[in-house]
Structures are given as structure tokens and as C-alpha cells.
1. Which ones in the range 11-55 are hydroxyl-bearing (Ser, Thr, Tyr) and in contact with a Pro (Cβ under 8 Å, 6 or more places away or on another chain)?
2. Taking the criterion of being among the charged types (D, E, K, R) and either at pLDDT below 95 or over 21 Å from ASN152 (Cβ atoms) (or both), would at least one residue in the range 92-104 satisfy it?
3. Output the number of residues of the range 21-74 satisfying the condition of being surrounded by fewer than 22 Cβ atoms within 10 Å (Cβ to Cβ), assigned to a loop (DSSP other than H, G, I, E, B) and under 18 Å from the mean Cα position of the chain (by Cα).
4. Tell me which residues, restricted to the range 40-66, are under 16 Å from GLY131 (Cα atoms) and hydrophobic (A, V, I, L, M, F, W, C).
5. Is it the case that ILE11 is of a type outside the set (Lys, Arg), modelled with pLDDT under 95 and outside any loop (DSSP other than H, G, I, E, B)?
6. Only residues that are part of a helix (DSSP H, G or I), surrounded by 14 or more Cβ atoms within 10 Å (Cβ to Cβ) and not charged (D, E, K, R): list them for the range 191-203, please.
7. Residues being at pLDDT 95 or above, open to solvent by 30 Å² or more (accessible area, probe 1.4 Å) and either not small (Gly, Ala, Ser) or not in a helix (DSSP H, G or I) (or both): count how many of those fall in the range 114-134.
8. Within the range 171-190, can you find the residues that are farther than 21 Å from LEU18 by Cα, in a loop (DSSP other than H, G, I, E, B), at pLDDT 95 or above and not charged (D, E, K, R)?
Amino acid sequence: MIFLRYSRTLIEANCYILADSPGSPALVVDPGAGSAAWIDQTLQRKGLSLGAVLCTHGHMDHVWDSGLVAGEAPVFIPGPDLYRMDDPVAYARPLGSTFETASGHGWIKPEGTRALPGEFFADGGAEIVPGVAIRALPAPGHTEGSSVFLLNGAVDPDRESAAFPEGVAGQALMLSGDVLFRDGVGRTDLHGGDPAAAAASLRTLVRVVDPATVFFPGHGPASTVGRERAHSYYLRQALAVG
């Protein structure tokens, strides 16, 4: 599986490209401000076509270039955050001008924006592009619609591949958005944040997700669920609530 990461975006939000193999339709995850050129160049270089865009949640730093990237491709986002795609600037006014200045463009709503269908949240999930199956797990608290996305696959070696934690390998993977970070958890003090919901979501994650699962967050490096349970002060504090 092709699984590439780019973080030279505004606020260093991670953008990912996933595809079954060269020549396949690709899934772009969280095209933040400044990712569009890399996405276009990478798809061309790898012989990939754009199949779909997935936004883990609706904050500006994760969706800003989606309108530039998507074209006619669908842009999926968990349903409770769908409203944010009308104008994400409205919910983070102090940062709006910064994003417009730094990116060189204002908010461009993707024409194909839609709520992620329920089939992705059920049973084993579904293929979001051919060869890439995901299972979505709601994890509200950072935003109302924040979710994590579970998938399985052996990652092809590539200098742009998303880096695994040192000494860790495996095929059980998770895209955690801003729900869970290495040595951190998502903040809950922004519009739509809910500390109690966030703590409940984290309790669910550590209960149902295999500790060996390698997760790739919206910011920063990868880790494993088990490592965070053992070593993250912030996760332990969140789990102690409720």
C-alpha cells in the first residue's frame, strides 16, 4: 500500500496520500493549507489519480486546500462536522486572515462535499477508494464530528512514506486526526469542543483498538495506542475523568 505523509503545511498539519498501488485511485486525507501543490505533483509522479478526499474533522488547518485539490472528486467528512465546510473561517475568526495570507487564497468550498456514509461506521467499514478499506469510529470531543479511521495494509517503502515509530512495524493502522497524538490529546476549548465527550472517546479507543495499532495523527509523529496508554500523561489524565 502507498501511504505518504506531508507536513510542510500551515500549523504543520499532516496530509496523507493512500493508494492500493501505482496507477490506482488515491485517497487524500486532510489537505491542509499549503498541501495542494505537493498533492498534485505526487499524484502525477506516482501515476495516481484522485479518487476521494477525506477530512478527519472540520478545522481549517485540515481542510483548507480541499477545494483546490478535489475537483469533481467527493470530499468526505463525518456528518456532525459537515456544517463547518460551508465556512470554516466562521468558527476560528482570529486565524482566518492568517490562513488567507499564508496560503494565497480564501476558503474554497469543494463542490463534492458530503457526509461520510454510515457504511463506513458499521462492521468492517468499506472501500473509500478501490483497494483502500477504512472503518470509521466516532470520537467526538475535539469537534462534534471528530473520528478516527482504522485500516490494514503493508506500507510500501518510500522516502515520503509516513514514518513508523522506531522499532515498530505492523499492518494495523489508524488515522487519528486531532483526537490522539504522540504524548498528547486533542484540545477541547475551541468551538464545538466538549471535554466530557473527548474523555469518553479516548476511553472507547483504548478499549476497542488493539494496543499494537500504529496511529498517524493530524500533527506530529506516529505512535501506537499501547505506547500512549503507558506513557502519555495527557491520555492518562483524560482516561481518569468520568
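The values are calculated or read from the model by the stated rules, or taken from the named source; none is laboratory data. Just so we're clear, the structure is a prediction, and the values are computed from it rather than from any experiment. Note that each Cβ is placed from the backbone with ideal geometry, even for glycine, and that neighbours are counted across all protein chains shown. To get the accessible areas, we keep the full protein, side chains included, count just its heavy atoms, and leave off ligands, DNA and RNA. Shrake-Rupley method; radii C 1.70, N 1.55, O 1.52, S 1.80 Å.
1. Once the filter is applied, which keeps residues that are hydroxyl-bearing (Ser, Thr, Tyr) and in contact with a Pro (Cβ under 8 Å, 6 or more places away or on another chain), the range 11-55 yields SER24, SER49.
2. yes
3. Result for the range 21-74: 2.
4. Within the range 40-66, LEU48, LEU50, ALA52, VAL53, LEU54 meet the criteria.
5. The answer is yes for ILE11.
6. Answer for the range 191-203, where residues must be part of a helix (DSSP H, G or I), surrounded by 14 or more Cβ atoms within 10 Å (Cβ to Cβ) and not charged (D, E, K, R): PRO195, ALA197, ALA198, ALA199, ALA200, SER201, LEU202.
7. Qualifying residue count, the range 114-134: 10.
8. Result: GLY186, THR188.
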